[in-house]
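A.B. asks: What follows is a structure written as structure tokens; I'll ask about it next.
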């Protein structure tokens, strides 16, 4: 079965009415169990240490955040209320993405039931993101000499500004973000390749753009692995999206991204990225799209 990475601390006690849906992780896991996608194929990551995380972040920022010593302005920029549960998940999820990538290098494909915290910068958090799991994973893979070139293919509706800024001077990590241009973050940092989409873009032009861009990036970069941020906030009714992509369009997107990489023999590690919805169960099922698509492709290709 398709390897899945998950930890029970991903959903910590949290205000139910907060815009960030903390319950989506446990809901996603339970939905996949109910669908028979998650069984004995769950792998649990270990918590990262502060020293581990300094490969991508300033030590002082991390210690202040973990000890609840950041000032009010810094916490407002993060947008999440401090709790020990939040800190525990923040230390665990980056290792979840790293573990997913390491399994993908071995098995060809693996999915993380969290991740995509691409707004976290080297020395500050932003947009519900405290530690950047994508930058952390790319830098760790390179440091461990497991790969020579990483591509981060970010399809969250919001630009991956933190990932771009942390990896700006790391030529072995190529960042590509396809996002809604007139959306958060309003100050964008340059990825290696940024494609800003118009508000209200629909399925066909979006899917064509994704496919053409992916093929171009893979042709040019010849990566050893793709870290795929499968944001579902591109959905037409997402609370923070501003695009017009259907549920079926998201499924086509995820299937074509993963299959294109696999057809070239490039391992893929997926993370779930952004998504905002007052209907928490519907959001979890949207996040499941990439996992269900990956499971079907894994079944047909590797088993």
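Each row is one residue, and each column tells you yes or no for (1) surrounded by fewer than 16 Cβ atoms within 10 Å (Cβ to Cβ); (2) closer than 20 Å to residue 25 by Cβ; (3) at pLDDT 95 or above.
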residue	(1), (2), (3)
229	no, yes, yes
233	no, yes, yes
243	no, no, yes
253	no, no, yes
263	yes, no, yes
268	no, no, yes
291	no, yes, yes
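A.B. asks: Ok, one more. For residue 97, work out the one condition from (1) surrounded by 23 or more Cβ atoms within 10 Å (Cβ to Cβ); (2) over 24 Å from residue 189 (Cβ atoms); (3) touching a helix residue (DSSP H, G or I) at 6+ places or on another chain (Cβ under 6 Å) it doesn't fulfil.
C.D. replies: Unmet condition: (2).
A.B. asks: Continuing with the same structure: Mind checking whether some residue in segment 153-162 is at pLDDT 95 or above and assigned to a helix (DSSP H, G or I)? Full working, then the answer.
C.D. replies: Applying the first criterion (at pLDDT 95 or above) to segment 153-162 yields 153-162.
Now drop any that are not assigned to a helix (DSSP H, G or I), which leaves 161-162.
Taking every residue of segment 153-162 in turn, at least one turns out to be at pLDDT 95 or above and assigned to a helix (DSSP H, G or I).
A.B. asks: Of 269, 284, which residue is assigned to a strand (DSSP E or B) and touching a helix residue (DSSP H, G or I) at 6+ places or on another chain (Cβ under 6 Å)? Quick ask: steps written out before the conclusion?
C.D. replies: On the way: 284 fails: assigned to a strand (DSSP E or B).
None of the others qualify; the one that does is 269.
A.B. asks: Here is a further query. Run down 237, 224, 277 and say which single residue is under 26 Å from residue 181 (Cα atoms) and surrounded by fewer than 20 Cβ atoms within 10 Å (Cβ to Cβ). First the steps, then the outcome.
C.D. replies: Working: 224 fails: under 26 Å from residue 181 (Cα atoms); 277 fails: surrounded by fewer than 20 Cβ atoms within 10 Å (Cβ to Cβ).
Being under 26 Å from residue 181 (Cα atoms) and surrounded by fewer than 20 Cβ atoms within 10 Å (Cβ to Cβ) holds for just one of 237, 224, 277, which is 237.
A.B. asks: Follow-up question, since we're still on this one. Just to be sure before I move on: is residue 26 closer than 18 Å to residue 116 by Cβ, touching a helix residue (DSSP H, G or I) at 6+ places or on another chain (Cβ under 8 Å) and modelled with pLDDT of 95 or more in the structure I sent? Quick ask: steps written out before the conclusion?
C.D. replies: Numbers: closer than 18 Å to residue 116 by Cβ: yes; touching a helix residue (DSSP H, G or I) at 6+ places or on another chain (Cβ under 8 Å): yes; modelled with pLDDT of 95 or more: yes.
In short, yes.
A.B. asks: Look at segment 260-290 and say how many of its residues are touching a residue at least 24 places away in the same chain (Cβ under 8 Å) and closer than 22 Å to residue 202 by Cβ.
C.D. replies: 12
A.B. asks: Among the residues of segment 58-72, count how many are assigned to a helix (DSSP H, G or I) and surrounded by 15 or more Cβ atoms within 10 Å (Cβ to Cβ).
C.D. replies: The first filter runs over segment 58-72 and keeps only residues assigned to a helix (DSSP H, G or I), leaving 59-66, 72.
Subset that is surrounded by 15 or more Cβ atoms within 10 Å (Cβ to Cβ): 61-62, 64-66.
Here the count works out to 5.
A.B. asks: Can you tell me which condition residue 293 does not meet? The list is (1) part of a helix (DSSP H, G or I); (2) within 19 Å of residue 159 (Cβ to Cβ); (3) without any contact (Cβ under 8 Å) to a residue 60 or more places away in the chain; (4) touching a helix residue (DSSP H, G or I) at 6+ places or on another chain (Cβ under 6 Å), and all the others hold.
C.D. replies: Failed condition: (2).
A.B. asks: I'm trying to understand the selection: among the residues of segment 81-104, which are under 21 Å from residue 229 (Cα atoms) and either in contact with a strand residue (DSSP E or B) (Cβ under 6 Å, 6 or more places away or on another chain) or part of a loop (DSSP other than H, G, I, E, B) (or both)?
C.D. replies: Correct list: 96, 97, 99, 100, 101, 103, 104.
The values are calculated or read from the model by the stated rules, or taken from the named source; none is laboratory data. Since this is a predicted model, take the numbers as computed values, not measurements. Please note: Cβ atoms are built from the backbone with ideal geometry, for glycine as well, and neighbour counts cover all protein chains shown.
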